[in-house]
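Trainee: So that we are looking at the same thing, I have put the structure below in structure tokens.
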């Protein structure tokens with residue numbers, strides 16, 4: 001990185017200026033009127049939902065699908081536009097913001113244990129007679145830590161989170177519907193009822209919740225292998241984001257012969273990157289290199305600043321739009337059938353370079369989301385917190401929302 005690039009990064013790392021009145025109005029409209037919120041997988045309820053990236057998974061079996069939240073897309077500047085006074089024409093400020101976050105990732109301190117606290121969510125649309133609203137349903141939280149060295153231990157925990165209305169607007173419509181504490185929704189091939197109750201943390205593994213002999217292995221590979229990766233973005237892209245890796249991301253059991261579409265390959269690249277960044281102790285410079293590699297992949301678009309499912313703002317990259325079609329094959333009600341457009345989005349923390357979320361976002365309303373607007377998050381994996389520590393961490397007592 002030359003001096004001009006470093007100066008640009010330093011300027012981007014400063015606090016962003018307040019958004020324009022137009023941008024603020026758009027964001028407010030989205031937050032008030034939209035319900036925000038890969039690979040799909042089947043939840044306990046049978047709903048096809050956002051898959052658990054191996055790195056973000058921590059080995060826990062989720063108790064259900066997850067929730068949706070409000071997303072405001074208020075990126076400052078667009079590709080090929082000045083964006084702000086003094087910015088050279090043709091500079092993509094959205095992508096530069098992601099690269100600036102990658103520079104921050106290089107400064108991350110390391111430690112003895114790697115931990116991740118994540119929330120899985122899926123949105124459900126409640127078509128009440130008094131007005132349609134969305135809920136956070138089938139949400140679950142998982143927490144786990146692993147020692148970098150073999151024999152330093154590992155532990156995994158999980159809990160169910162309460163179902164609830166999404167926004168203030170949704171809450172008003174929920175109250176108008178009688179404030180129900182149970183929500184009956186169509187889930188994949190049957191109806192399922194979610195409640196406004198949470199469960200206590202439960203251990204996944206040994207009775208005491210900790211395996212003292214564990215540690216030293218991440219995503220099936222020794223920690224040393226992850227810590228000795230190259231830092232060059234091109235080398236990392238070849239190793240983890242190539243066509244072969246993308247095909248494996250679409251179908252883990254595939255053994256070659258299947259060529260992914262550009263949108264599939266880009267989406268698989270987002271999953272692969274989030275898995276590594278969220279679940280392995282790669283050195284800070286490798287983390288930064290992988291972020292830069294993803295940002296430069298064909299089909300990946302920088303979309304500016306985005307609010308994640310837990311309300312935190314970050315800078316985001318998105319895969320191209322794909323079309324999903326829901327048929328009546330499994331007997332679903334007519335309101336759940338039809339086609340809609342969606343794309344996978346990954347959100348990074350500007351200040352640390354950490355992954356905030358991976359979310360499947362509605363781009364073209366239709367089918368079960370015909371009444372929603374673009375920006376609605378269909379399902380997601382949000383990283384509540386993750387990072388290094390020198391002491392064995394405990395799962396948080398308070399709920400994420």
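Results for (1) out of contact with any strand residue (DSSP E or B) (no Cβ under 9 Å at 6 or more places or on another chain); (2) within 30 Å of residue 320 (Cα to Cα); (3) modelled with pLDDT under 65, shown as yes or no for each residue.
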site	(1), (2), (3)
214	no, no, no
223	no, no, no
227	yes, no, no
230	yes, yes, no
234	yes, yes, no
242	yes, yes, no
245	yes, yes, yes
252	yes, yes, yes
256	yes, yes, yes
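Trainee: Using beta carbons and a limit of 9 Å, which pairs, at least six apart or on different chains, have the first residue in segment 383-401 and closer than 18 Å to residue 109 by Cβ and the second one at pLDDT below 90 and part of a strand (DSSP E or B)?
Mentor: 392/210
Trainee: Looking at residue 119 and the list (1) over 30 Å from residue 186 (Cβ atoms); (2) at pLDDT 90 or above; (3) crowded, with 21+ Cβ neighbours inside 10 Å, which single condition is not satisfied?
Mentor: Residue 119 satisfies every listed condition except (1).
Trainee: Something else now. Hey, can you tell me all the residues within segment 353-387 that are touching a helix residue (DSSP H, G or I) at 6+ places or on another chain (Cβ under 9 Å), under 21 Å from residue 169 (Cβ atoms) and assigned to a strand (DSSP E or B)?
Mentor: Answer for segment 353-387, where residues must be touching a helix residue (DSSP H, G or I) at 6+ places or on another chain (Cβ under 9 Å), under 21 Å from residue 169 (Cβ atoms) and assigned to a strand (DSSP E or B): 362, 378.
Trainee: Which one is farthest from residue 214 (Cα to Cα), of the residues in segment 153-190 that are modelled with pLDDT under 90 and assigned to a helix (DSSP H, G or I)?
Mentor: 169
Trainee: Can I ask one more? Have a look at 390, 398 and point out the one that is out of contact with any helix residue (DSSP H, G or I) (no Cβ under 9 Å at 6 or more places or on another chain), under 30 Å from residue 149 (Cβ atoms) and surrounded by fewer than 16 Cβ atoms within 10 Å (Cβ to Cβ).
Mentor: Numbers: 398 fails: under 30 Å from residue 149 (Cβ atoms).
Step by step, each of 390, 398 is checked, and only 390 is out of contact with any helix residue (DSSP H, G or I) (no Cβ under 9 Å at 6 or more places or on another chain), under 30 Å from residue 149 (Cβ atoms) and surrounded by fewer than 16 Cβ atoms within 10 Å (Cβ to Cβ).
Trainee: Please list, ordered by first then second residue, the pairs with beta carbon atoms under 6 Å, 6 or more apart or interchain, first in segment 357-379 and within 24 Å of residue 268 (Cα to Cα), second outside any strand (DSSP E or B) and at pLDDT 95 or above.
Mentor: 363/321
Trainee: Of all residues in segment 279-291, which are assigned to a helix (DSSP H, G or I) and buried (at least 22 other Cβ atoms within 10 Å of the Cβ)?
Mentor: Listed by number, the residues that qualify are 279, 286, 287, 288, 289, 290, 291.
Trainee: Is there any pair with a first residue in segment 120-134 that is over 30 Å from residue 278 (Cα atoms) and a second that is modelled with pLDDT under 90 and part of a strand (DSSP E or B) whose Cβ atoms are under 8 Å apart and which are 6 or more apart or on different chains, and what are they?
Mentor: Listed pairs, sorted by first residue: 126/133; 126/134; 126/135; 133/165.
Trainee: What are the residues in segment 327-352 that are in contact with a helix residue (DSSP H, G or I) (Cβ under 9 Å, 6 or more places away or on another chain) and crowded, with 18+ Cβ neighbours inside 10 Å, if any?
Mentor: 332, 336, 340, 342, 343, 344, 345, 346, 348, 349, 350
Trainee: Somewhere in segment 297-306, is a residue buried (at least 16 other Cβ atoms within 10 Å of the Cβ) and either part of a helix (DSSP H, G or I) or at pLDDT below 90 (or both)?
Mentor: no
Trainee: Is segment 321-344 home to any residue that is under 27 Å from residue 227 (Cα atoms), in a helix (DSSP H, G or I) and over 12 Å from the mean Cα position of the chain (by Cα)?
Mentor: No; the residues of segment 321-344 include none that is under 27 Å from residue 227 (Cα atoms), in a helix (DSSP H, G or I) and over 12 Å from the mean Cα position of the chain (by Cα).
The values are calculated or read from the model by the stated rules, or taken from the named source; none is laboratory data. Everything numeric in this text was worked out from a predicted model, so none of it was measured. Every residue, glycine as well, gets a Cβ built from its backbone with ideal geometry; the counts of neighbours run over all protein chains shown.
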